[in-house]
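Here's the structure, in structure tokens; my notes come after.
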Amino acid sequence: PKQIDDIKYFLEIARRKDAKCKYFKKKNGPSKVKFKLRCSKYLYTFVIEDAEKAEKLQKSLPPG
């Protein structure tokens, strides 16, 4: 698995053809949201701590 720190890079990977599964994991503690993205080679993880930014990112992801 690889962790991504850049939003633009995460969105770029999410638009690839081999990006299969996008799911979100909300933590119970401080407002952390994990976005997981399965591609052919790696499982990419992007952690965001701002709940408002997480909602915007979730809406901007391509469907599928």
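Of the conditions (1) closer than 16 Å to PRO1 by Cβ; (2) free of Cβ contacts under 8 Å to residues at least 40 places away in the same chain; (3) surrounded by 10 or more Cβ atoms within 10 Å (Cβ to Cβ), SER31 satisfies every one except a single condition; which number is it?
(1)
For SER31, are the conditions met, namely being modelled with pLDDT of 85 or more, assigned to a loop (DSSP other than H, G, I, E, B) and of a type outside the set (A, V, I, L, M, F, W, C)? Can you show your working first?
Working: modelled with pLDDT of 85 or more: no; assigned to a loop (DSSP other than H, G, I, E, B): yes; of a type outside the set (A, V, I, L, M, F, W, C): yes.
Answer is no for this residue.
In segment 13-26, how many residues are within 17 Å of LYS53 (Cα to Cα) and not in a strand (DSSP E or B)?
Filtering segment 13-26 for residues within 17 Å of LYS53 (Cα to Cα) gives 14, 22-26.
Those left that are additionally not in a strand (DSSP E or B): 14.
Going through segment 13-26 one residue at a time, the tally reaches 1.
Restricting to segment 34-64, what's the tally of residues that are in a helix (DSSP H, G or I) and either surrounded by 12 or more Cβ atoms within 10 Å (Cβ to Cβ) or not small (Gly, Ala, Ser) (or both)? Walk me through how you get there before you give the answer.
Start the filter on segment 34-64 by keeping residues that are in a helix (DSSP H, G or I), which leaves 51-60.
Restricting the remaining residues to those that are either surrounded by 12 or more Cβ atoms within 10 Å (Cβ to Cβ) or not small (Gly, Ala, Ser) (or both) gives 51-59.
Going through segment 34-64 one residue at a time, the tally reaches 9.
The values are calculated or read from the model by the stated rules, or taken from the named source; none is laboratory data. Keep in mind the model is a prediction, meaning the values are calculated, not measured. Every residue, glycine among them, receives a Cβ derived from its backbone with ideal geometry; neighbour counts consider all protein chains shown.
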